[in-house]
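The values are calculated or read from the model by the stated rules, or taken from the named source; none is laboratory data. These numbers were taken from a predicted model, which means no experiment stands behind them. Cβ: placed from backbone, ideal geometry, glycine included. Neighbour counts: every protein chain shown. We work out accessible area using only protein heavy atoms, side chains counted, and drop any ligands, DNA or RNA first. Shrake-Rupley method; radii C 1.70, N 1.55, O 1.52, S 1.80 Å.
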Amino acid sequence: MFDRLSFPQPWLSLILFLTWQILSDGVSGGSVVLGVILAWLIPQMTQGFWPERPAFVKTWRMPGYILRVLKDIVAASFSVAWLILSPRTPRPAFVSYPLQLDHPLAISILASTISLTPGTVSADVSDDNKTLLIHVLDATSDQEVIEAIYNSYEKPLMEMFR
Amino acid sequence: MSPFAEYAISALLLFGGAFTLIGAFGLARLPDFYTRLHGPTKATTVGVGAIMLSSVIYFSAIGEGIGISEILITVFLLMTAPVSANMLAKAAMHIGVKAMEGTEGKPWEQ
């Protein structure tokens, strides 16, 4: 019965525990107890949904990646704002993006990045995890969009998940 | 509070408010469902980011320490916005919402 008391996702548990302490407005006995309960309960309940753990992740590259994404969000937001304010009609397109990443977690990070950066929303992943359907708000050419995403996001992610 | 902090807070609030307004305006102006997905997930990201920054500066300036909870709010928002955009797009493709004329490519059959 004691295997039920384990922490199957130690990092997730740690993050949940720390997040709860920050949210609960000052560390106290009660917040620690509730934090431990949440850090145990949530990973247990969601365990079935987690993809298997990646073989190797270079976590120290993550801050650089996040900074780059934040910079891109700000820069590209201006172009989307300009597009909304300018009178011309946008040229939207559905682009099928050929994925080279194969780890489910890496694919979901890439899809989230694409959705966050202005001008692109990832709409769907094919069942075999080989293609990502992206809706582009204002596309000049499919190839350009694919190359931009590959160079700025997929390549760094491939280096992280190897 | 120093005047510099006040200017910075006001500028960030105006900037964030303007971006959120443009995002909402995009929702009304853009022609079809799929293009409208871009407004709220995008312009809003920067808008909320700027408002969050101004809140961090405000609470640091009045001496309550750096607000970690504001940063948490932004992190949660950044984590959930792509998921909801993805679910909306999938649902729209599932019930066959038409894309506007002149859209290149096609949504997938679900």
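Here is a list: A:ASP138, A:ASP102, A:ASP124. Which entry is over 22 Å from B:ALA92 (Cα atoms) and modelled with pLDDT under 85?
From the options A:ASP138, A:ASP102, A:ASP124, the qualifying one is A:ASP102.
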Within the stretch A:77-87, can one find any residue that is under 21 Å from B:PHE76 (Cα atoms) and modelled with pLDDT of 80 or more? yes
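In this structure, is A:GLN100 in contact (Cβ under 8 Å) with a residue 24 or more places away in the chain and out of contact with any helix residue (DSSP H, G or I) (no Cβ under 9 Å at 6 or more places or on another chain)?
When the stated conditions are applied, A:GLN100 does not pass them.
Yes/no matrix, rows are residues, columns are (1) surrounded by 14 or more Cβ atoms within 10 Å (Cβ to Cβ); (2) small (Gly, Ala, Ser):
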{"residue": "A:THR19", "(1), (2)": "yes, no"}
{"residue": "A:GLY30", "(1), (2)": "no, yes"}
{"residue": "A:TRP50", "(1), (2)": "no, no"}
{"residue": "A:THR59", "(1), (2)": "no, no"}
{"residue": "A:VAL80", "(1), (2)": "yes, no"}
{"residue": "A:LEU85", "(1), (2)": "no, no"}
{"residue": "A:VAL95", "(1), (2)": "yes, no"}
{"residue": "A:ASP102", "(1), (2)": "no, no"}
{"residue": "A:THR113", "(1), (2)": "yes, no"}
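Just give me the residues in the stretch B:25-49 being part of a helix (DSSP H, G or I), open to solvent by less than 10 Å² (accessible area, probe 1.4 Å) and either more than 7 Å from chain A (Cβ to nearest Cβ) or free of Cβ contacts under 8 Å to residues at least 40 places away in the same chain (or both), in sequence order. Break it down stepwise before answering.
Keep residues of the stretch B:25-49 that are part of a helix (DSSP H, G or I), which gives B:25-29, B:33-36, B:38-49.
The next check asks that each one be open to solvent by less than 10 Å² (accessible area, probe 1.4 Å); those that pass are B:26, B:34-35, B:38-39, B:42-43, B:47.
Those that are part of a helix (DSSP H, G or I), open to solvent by less than 10 Å² (accessible area, probe 1.4 Å) and either more than 7 Å from chain A (Cβ to nearest Cβ) or free of Cβ contacts under 8 Å to residues at least 40 places away in the same chain (or both): B:GLY26, B:HIS38, B:GLY39, B:LYS42, B:ALA43, B:GLY47.
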Neighbours by Cβ (under 6 Å, 6+ apart or cross-chain): first from the stretch A:55-82, closer than 14 Å to A:SER152 by Cα; second open to solvent by 90 Å² or more (accessible area, probe 1.4 Å) and β-branched (Val, Ile, Thr): none
Please enumerate the residues belonging to the stretch B:50-101 that are assigned to a loop (DSSP other than H, G, I, E, B), open to solvent by 70 Å² or more (accessible area, probe 1.4 Å) and touching a helix residue (DSSP H, G or I) at 6+ places or on another chain (Cβ under 7 Å). B:ILE66
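What strands (runs of 3 or more DSSP E), lying completely within the stretch A:68-145, carry at least 1 residues that are facing chain B (nearest Cβ under 8 Å) and among the β-branched types (Val, Ile, Thr)? Show your work before the answer.
Working: elements: A:93-98, A:120-125, A:131-136.
Strands (runs of 3 or more DSSP E) meeting the threshold: A:93-98, A:120-125.
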Can you list residue pairs whose Cβ atoms sit under 9 Å apart, with the first residue in the stretch B:71-100 being more than 9 Å from chain A (Cβ to nearest Cβ) and closer than 14 Å to A:ALA123 by Cα and the second being part of a loop (DSSP other than H, G, I, E, B) and modelled with pLDDT of 80 or more? Count only pairs 6 or more apart in sequence or on different chains. B:VAL97/B:ASP32
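Considering each of B:ILE22, B:ILE9 in turn, give the residue that is more than 9 Å from chain A (Cβ to nearest Cβ) and touching a residue at least 12 places away in the same chain (Cβ under 8 Å). If you could, list the steps in order and put the result at the bottom.
On the way: B:ILE22 fails: more than 9 Å from chain A (Cβ to nearest Cβ).
Going through B:ILE22, B:ILE9 in turn, just one is more than 9 Å from chain A (Cβ to nearest Cβ) and touching a residue at least 12 places away in the same chain (Cβ under 8 Å): B:ILE9.
Residues checked against (1) open to solvent by less than 30 Å² (accessible area, probe 1.4 Å); (2) farther than 21 Å from B:THR45 by Cβ:
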| residue | (1), (2) |
| --- | --- |
| A:ALA106 | yes, yes |
| A:ASP127 | no, yes |
| A:HIS135 | yes, no |
| A:ILE149 | yes, no |
| A:LYS155 | no, yes |
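In this structure, does A:GLU144 turn out to be farther than 23 Å from B:ILE22 by Cα, open to solvent by 10 Å² or more (accessible area, probe 1.4 Å), in contact (Cβ under 8 Å) with a residue 60 or more places away in the chain and among the charged types (D, E, K, R)?
Numbers: farther than 23 Å from B:ILE22 by Cα: yes; open to solvent by 10 Å² or more (accessible area, probe 1.4 Å): yes; in contact (Cβ under 8 Å) with a residue 60 or more places away in the chain: no; among the charged types (D, E, K, R): yes.
The answer is no for A:GLU144.
Quick one: in the stretch A:111-152, which of the residues that are in contact with a Leu (Cβ under 6 Å, 6 or more places away or on another chain) and not small (Gly, Ala, Ser) is farthest from A:ILE84 (Cα to Cα)? Spell out the reasoning first.
Going through the stretch A:111-152, the residues in contact with a Leu (Cβ under 6 Å, 6 or more places away or on another chain) turn out to be A:119, A:121-125, A:130, A:132, A:138.
Subset that is not small (Gly, Ala, Ser): A:121, A:124-125, A:130, A:132, A:138.
Values: A:VAL121: 16, A:ASP124: 25, A:VAL125: 28, A:LYS130: 32, A:LEU132: 26, A:ASP138: 11 Å.
That would be A:LYS130.
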